[in-house]
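The values are calculated or read from the model by the stated rules, or taken from the named source; none is laboratory data. All values reported here derive from a predicted model rather than from experimental measurement. Ideal geometry is used to build each Cβ from the backbone, glycine not excepted, and the neighbour counts take in all protein chains shown.
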Amino acid sequence: MILVRNRRLRLNGNRLLLLTLLVFIFGCTPKVRVLRPGGNTQTKPETPTEKTTEETPAEEASEAVDVNNIALLLPFQLDKANQHAPSSADIRRSALALDFYQGFKMGLDALAAKGVSFKVNVVDTRDDVAENTRIARLDDVHNAALIVGPVYPKEIQVFGFNAELDKNTLQISPLAASMPTEFNLPNLVTLTAPIMAHVEALADYIVRQYQPGDAVLIYQTDDAASRQFLAPLKSQIQQRNKQINLAEVNDQASLESSVHLNGKNLVVIGTTNEYLIAPILANLRTLQNDLSYDIRLFGHPNWTKLAFDDVDGLSGFRTTVTSSYYVDRNSAKIQQFNAQYRQDFGIAPTEFAYKGFDAAYYFGGLLAKHGETYRQHVTDEVYQGLHNAFKFEYNPNWGYVNRHIWIMEYRGGDFHPVN
């Protein structure tokens, strides 16, 4: 267990210095990080501050500062690193945790500049089940008002089962897209919308696009992603409109026999395998360009991570997918965050840095505004962040789930939100 002093780490272009510092710190006498009020109190909520926070030893600050305790549980895996000279392999292994930590720190810095104080206990979960069992029983974890992490499903499960958290303390799952029913932890907050949230959002959108005379064609392929996505999607579409003309196809022949020349053909592909997608797209291009069928294409959420180009024809199909995140590179707040991140850490932020900032700013803001009753306001506070938006629903069996989904259309070489 360790508490890390809050200081702006200058990495001069790489993560090596931060990793080296963390390896050193985790092997030394614990230190305390205290974020104290400082900076411009007029700072806008979503704008990272450039002010550094004032530091004092914990024993001096405890009486003067109202400290909100946060436990940050990340898989740095420092036990596997060379303690004398961390290697590039050590950096790659720790990259996710390092990026999330740096974004999280910037989120709390932004709040500290508005006069909010925090104390953060940073814990290396090591991506190890046994270690998470031990961590779950630490006093410093149980004394935290908010727990962020662990990040991997197996760690979330074992930590949540062993921690037996106070009913007012939330455990944040910051990255995993697992269904919360896999854990059944009433204190869990799932930030990344699970696949069923995508299914329901896409079903709503398809039903809104459908008109009499159209056809919805579910293109089945024999892979896990397709089966997981398309079966519930078909069910959700039919629940919303039993009159929809819906057919399942699985090859070129069945597709060509099912398309309608009059009306739109709303084709849904659930696979993420590029080798399966390519011939389907070629067939759809023939139907639309050579035979004048009106094709509207819908894909799996993970299509936002695939590399498409102009020859694939996604723009011509007005291809639509759902996504749990979107980073608007042209927005002022993203550009300001990117510049500040580069200044502080010497590298460009990754998606994990954006997610770290949003988690820190949203939940730190709830703590600052509502104190120990912050849990009661999770479903009330809607948040538009750098990378994600938060709109939570609560279930007493599996906790809080983010239900915000972006509807994204492919144009100009990338997917862009339409909602």
Check your understanding: Looking at Phe345, is it touching a Leu at 6+ places or on another chain (Cβ under 8 Å), at pLDDT below 95 and under 27 Å from Lys119 (Cβ atoms)?
Key -> yes
Check your understanding: Hey, any hits in the stretch 136-158 for a residue that's at pLDDT 95 or above, outside the structural domain of Asn250 (by TED's automatic domain parsing) and of a type in the set (Asp, Glu)?
Key -> yes
**Study point:** Criterion (surrounded by fewer than 19 Cβ atoms within 10 Å (Cβ to Cβ) and under 22 Å from the mean Cα position of the chain (by Cα)) met by exactly one of Asp251, Asp328, Asp294
**Key:** Asp328
Check your understanding: So, in the stretch 349-402, of the ones that are buried (at least 19 other Cβ atoms within 10 Å of the Cβ), among the charged types (D, E, K, R) and closer than 28 Å to His300 by Cα, which residue ends up nearest to the chain's Cα centre (by Cα)?
Key -> Lys355
Check your understanding: Can you find a residue in the stretch 159-170 that is under 19 Å from Pro75 (Cβ atoms) and in contact (Cβ under 8 Å) with a residue 60 or more places away in the chain?
Key -> yes
Check your understanding: Restricting the stretch 304-316 to residues that are buried (at least 16 other Cβ atoms within 10 Å of the Cβ) and touching a residue at least 60 places away in the same chain (Cβ under 8 Å), which is farthest from Ala203 (Cα to Cα)?
Key -> Phe308
Review point. Considering Val418, Val401, Val378, Val382, which residue is among the β-branched types (Val, Ile, Thr) and in contact with a helix residue (DSSP H, G or I) (Cβ under 6 Å, 6 or more places away or on another chain)?
Key: Val401
Check your understanding: Looking at the stretch 349-359, is at least one residue assigned to a strand (DSSP E or B) and in contact (Cβ under 8 Å) with a residue 12 or more places away in the chain?
Key -> no
Check your understanding: Based on what the data block shows, is Gln252 touching a Ser or Thr at 6+ places or on another chain (Cβ under 7 Å), modelled with pLDDT of 95 or more and among the polar types (S, T, N, Q)?
Key -> no
Revision key, fill the gap. Picking from Ala89, Ala110, Ala97, the residue that is assigned by TED's automatic domain parsing to the domain that holds Ala145, over 24 Å from the mean Cα position of the chain (by Cα) and part of a helix (DSSP H, G or I) would be Ala89
Practice item. Give me a count of the residues in the stretch 201-225 that are surrounded by 17 or more Cβ atoms within 10 Å (Cβ to Cβ) and not in a helix (DSSP H, G or I). Key: 9
Check your understanding: Restricted to the stretch 113-147, and to residues that are among the aliphatic types (A, V, I, L, M) and assigned to a helix (DSSP H, G or I), which residue is surrounded by the fewest Cβ atoms within 10 Å (Cβ to Cβ)?
Key -> Ala130
Exercise for review: Of the conditions (1) closer than 30 Å to Phe392 by Cβ; (2) without any contact (Cβ under 8 Å) to a residue 12 or more places away in the chain, Ala339 clears all except one; give me its number.
Suggested key: (1)
Study note, to complete from the structure: Per the filter on the stretch 366-389, residues of a type in the set (D, E, K, R) and assigned to a helix (DSSP H, G or I) are Lys369, Glu372, Arg375
Review point. Can you find a residue in the stretch 409-418 that is more than 16 Å from the chain's Cα centre (by Cα) and buried (at least 19 other Cβ atoms within 10 Å of the Cβ)?
Key: yes
Check your understanding: If you take the residues in the stretch 148-175 that are hydrophobic (A, V, I, L, M, F, W, C) and out of contact with any helix residue (DSSP H, G or I) (no Cβ under 8 Å at 6 or more places or on another chain), which one is surrounded by the most Cβ atoms within 10 Å (Cβ to Cβ)?
Key -> Ile156
